[in-house]
Amino acid sequence: MRSWLIVLLLQVLVLSCGSDEARTTDRPPLGWSSWYGLGKEDGWPQTDERTIKEIALAMVATGLRDAGYTILHVDDSWQSTTREAGKGLQADKEKFPNGMKAVANFLHARNLTLGLYTTPGRFSCAGEAGSGQLGSYGFMQEDIDLWIGEWGVGYLKNCICNTTISMRRTAYADMRKAIDRALTRRSERKDSVIYECSNFMDAPWRNGQHEYCNVWRVSNDVPDNFDGWNRAVDEVMKNDVNRVAGLGGNYGGRWSSFDFLQIGSMGQTLSEYRAQMSLWSILAAPIFIGADVRKISKEALDIYTNPEVLAVSQDPAGIPGYRIARDLKSDVDLWIRPLSERVTGKEDSKLHHQRAALLVLNRSKKKRRMLVKWSEVAKGKGMRSWRQRSRNSVVLVRDVWKKQDVGRYADGVEIEVDAHAGVMLVLQVEMKETSHPFVGLTMQEILCNTFEDQRLNLQ
């Protein structure tokens with residue numbers, strides 16, 4: 001009897017560690033969106049077949065696709081103003097003369113994924129404003145069968161326009177069910193489509209919708225200026241929007257969207273854009289390019305494609321970061337994100353590197369210098385393993401934007417940050433493997449080869 005219970009316990013614990021198989025949803029999505037990425041006509045993106053194909057070619061030519069930006073999300077104004085019952089909502093024939101299926105095939109041939117926009121209402125945002133584009137009200141399943149089942153759409157944004165509170169109580173769950181049915185017919189995994197619930201005023205991160213959304217919006221549109229996006233993040237973080245974000249959902253990862261980035265649109269300095277990219281990476285937020293990549297500058301591309309910054313954004317532990325300090329006098333914020341452990345060396349001399357990403361964000365108009373102590377960093381939520389391993393050890397500090405090591409420090413590091421800028425560092429603790437590697441670890445930690453604090457956000 002005892003042996004049977006032990007086997008059962010081991011099976012449960014091993015299953016709780018999850019599969020090693022990578023899933024589409026297991027990292028915050030990276031891509032491009034037409035919402036800010038194309039010029040607006042009457043307030044809406046100038047979306048058409050030729051433009052989307054040109055964007056796709058530019059994503060390949062610039063190296064953005066190879067850097068991980070594989071989703072091309074076509075936001076509002078792609079839809080027709082009429083529909084035929086039973087056939088699903090088609091694209092506007094004037095804008096997409098060969099149909100959206102041809103666009104999807106064009107993207108798939110270049111290893112890119114098509115993303116689309118819809119709403120549970122009768123009209124989209126543009127349609128509600130007077131141009132007539134339709135939503136999915138009353139036709140949800142046939143729309144999804146067409147878009148996902150036939151066109152192979154891999155990202156779906158379900159907006160909030162032309163809806164009521166009572167409609168939204170069920171609409172977002174119903175859309176997930178429609179997606180599930182379409183994928184089942186295709187014999188595909190139910191986590192192979194990324195589903196965004198863009199109804200931030202309903203607080204999907206706390207009303208139960210996080211159970212079936214891979215992405216949820218946490219605010220209205222964020223302005224392309226330094227003070228604007230900082231204020232927006234301040235406001236939404238009061239609502240604990242990342243409390244259930246991370247890995248572990250029924251449909252894979254779940255991520256808070258703080259809006260698309262407009263790096264390259266000339267609204268900010270390069271230092272300000274680097275700071276915004278840093279914070280989005282710390283927050284484990286989806287990163288969608290909101291600029292015209294056909295004419296984007298090399299400097300903007302370098303920000304989007306910095307491999308060390310993207311490594312923080314896409315860290316496999318999937319733990320969103322958070323603010324650990326806000327100095328109102330100096331107007332400097334400290335943000336921390338626990339990262340996955342790195343193991344190097346040979347079997348007989350392994351080195352275990354407990355890691356975290358630190359962002360020192362200077363919101364003031366003056367250059368600031370400050371001392372960051374490891375004792376303060378270690379107090380953060382989810383930093384228990386880092387704290388335990390940093391005792392009596394040195395911390396290797398690396399500047400990810402400069403792509404160079406800063407040095408090794410025992411107690412802390414002094415950082416100088418320019419006005420309206422951020423310095424993002426990866427902190428790495430080195431620790432030799434002991435003769436008793438499992439001392440202090442729980443049975444589940446041993447079996448999963450991970451640490452308890454890497455699962456704090458999972459519910």
Report summary line: Taking region 105-120 and the residues there that are touching a Ser or Thr at 6+ places or on another chain (Cβ under 6 Å) and under 26 Å from Lys177 (Cβ atoms), the one that is surrounded by the most Cβ atoms within 10 Å (Cβ to Cβ) would be Thr118
Requested in this report: Of all residues in region 356-375, count the ones that are open to solvent by less than 20 Å² (accessible area, probe 1.4 Å) and farther than 13 Å from Trp335 by Cβ.
Outcome: 2
Report task. Considering (1) in contact (Cβ under 8 Å) with a residue 60 or more places away in the chain; (2) assigned to a helix (DSSP H, G or I), say which one Lys101 fails and leave the rest. Result -> (1)
Query raised in the report: Name the pairs whose Cβ atoms lie under 6 Å apart, with the first residue in region 73-95 and small (Gly, Ala, Ser), the second in a loop (DSSP other than H, G, I, E, B) and open to solvent by 60 Å² or more (accessible area, probe 1.4 Å), and 6 or more positions between them or separate chains?
Result: Ser80/Gln90
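Is there a residue in region 339-347 that is touching a Pro at 6+ places or on another chain (Cβ under 7 Å) and open to solvent by 10 Å² or more (accessible area, probe 1.4 Å)? Outline the logic, then answer.
So in region 339-347, the residues touching a Pro at 6+ places or on another chain (Cβ under 7 Å) come out as 340.
Still in the running and open to solvent by 10 Å² or more (accessible area, probe 1.4 Å): 340.
Yes: one or more hits.
Among the residues of region 339-375, how many are among the polar types (S, T, N, Q) and assigned to a loop (DSSP other than H, G, I, E, B)?
Restricting attention to region 339-375, the residues satisfying the condition of being among the polar types (S, T, N, Q) are 340, 344, 349, 354, 362, 364, 375.
Cutting the leftovers down to assigned to a loop (DSSP other than H, G, I, E, B) gives us 340, 364.
Residues that pass the stated criteria total 2.
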Query raised in the report: Can you tell me which residues in region 61-100 are β-branched (Val, Ile, Thr) and open to solvent by 20 Å² or more (accessible area, probe 1.4 Å)?
Result: Thr62, Thr70, Thr81, Thr82
Query raised in the report: Scanning for something modelled with pLDDT of 95 or more, over 16 Å from Val74 (Cβ atoms) and assigned to a helix (DSSP H, G or I), does region 152-169 turn up at least one residue?
Result: no
Query raised in the report: What are the residue pairs meeting all of these: first residue in region 348-360, first residue of a type in the set (D, E, K, R), second residue at pLDDT 75 or above and open to solvent by less than 10 Å² (accessible area, probe 1.4 Å), Cβ atoms under 7 Å, and 6 or more apart or on different chains?
Result: Arg355/Leu339; Arg355/Leu427
Report summary line: Ile55: passes all of (1) without any contact (Cβ under 8 Å) to a residue 60 or more places away in the chain; (2) in a helix (DSSP H, G or I); (3) not acidic (Asp, Glu) but (1)
**Report entry** Residues within region 170-201 that are open to solvent by 50 Å² or more (accessible area, probe 1.4 Å), acidic (Asp, Glu) and either at pLDDT 95 or above or touching a helix residue (DSSP H, G or I) at 6+ places or on another chain (Cβ under 8 Å) (or both), tallied
**Finding:** 1
Report task. Starting from region 132-152, take each residue that is in the same structural domain as Thr184 (by the TED database) and list its partners that are assigned to a helix (DSSP H, G or I) and open to solvent by 50 Å² or more (accessible area, probe 1.4 Å), counting only C-beta distances under 7 angstrom and pairs at least six apart or across chains. Result -> Met140/Asp174; Gln141/Arg181; Gly149/Arg185; Glu150/Lys101; Trp151/Lys101; Gly152/His108
Requested in this report: Report the residue count in region 121-149 for those that are open to solvent by less than 10 Å² (accessible area, probe 1.4 Å) and touching a Phe, Trp or Tyr at 6+ places or on another chain (Cβ under 6 Å).
Outcome: 3
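Pro223: in the same structural domain as Glu54 (by the TED database) and either among the aromatic types (Phe, Trp, Tyr) or within 23 Å of Met175 (Cα to Cα) (or both), yes or no?
Details: in the same structural domain as Glu54 (by the TED database): yes; either among the aromatic types (Phe, Trp, Tyr) or within 23 Å of Met175 (Cα to Cα) (or both): no.
Here the answer is no, as Pro223 does not meet what is asked.
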Report summary line: Filtering region 397-413 down to residues that are among the charged types (D, E, K, R) and under 30 Å from the mean Cα position of the chain (by Cα) yields Arg398, Asp399, Lys402, Lys403, Asp405
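Applying the selection to region 414-433, what residues are at pLDDT 95 or above, part of a strand (DSSP E or B) and either under 29 Å from the mean Cα position of the chain (by Cα) or small (Gly, Ala, Ser) (or both)? Steps first, answer last, please.
Applying the first criterion (at pLDDT 95 or above) to region 414-433 yields 414-427.
Filter once more, so that each one left must be part of a strand (DSSP E or B): 414-417, 421-427.
Of everything in region 414-433, those that are at pLDDT 95 or above, part of a strand (DSSP E or B) and either under 29 Å from the mean Cα position of the chain (by Cα) or small (Gly, Ala, Ser) (or both) turn out to be Ile415, Glu416, Val417, Ala421, Gly422, Val423, Met424, Leu425, Val426, Leu427.
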Query raised in the report: Among the residues of region 376-397, which ones are open to solvent by less than 70 Å² (accessible area, probe 1.4 Å) and either closer than 20 Å to Leu279 by Cα or not in a loop (DSSP other than H, G, I, E, B) (or both)?
Result: Val377, Ala378, Gly380, Gly382, Met383, Ser385, Trp386, Arg389, Ser390, Val395, Leu396, Val397
Query raised in the report: Between a first residue in region 371-387 that is more than 15 Å from Val426 (Cα to Cα) and assigned by the TED database to the domain that holds His353 and a second residue that is among the polar types (S, T, N, Q) and part of a strand (DSSP E or B), which pairs have beta carbons less than 6 Å apart while being 6 or more apart in sequence or on different chains?
Result: Ser385/Gln354
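The values are calculated or read from the model by the stated rules, or taken from the named source; none is laboratory data. For clarity, every value in this text was computed on a predicted model and none was experimentally measured. When we count neighbours, we look across all protein chains shown, and the Cβ atoms used for this are built from the backbone with ideal geometry, even at glycine. All accessible areas refer to the heavy atoms of the entire protein, side chains included, with ligands and DNA or RNA removed. Shrake-Rupley method; radii C 1.70, N 1.55, O 1.52, S 1.80 Å.
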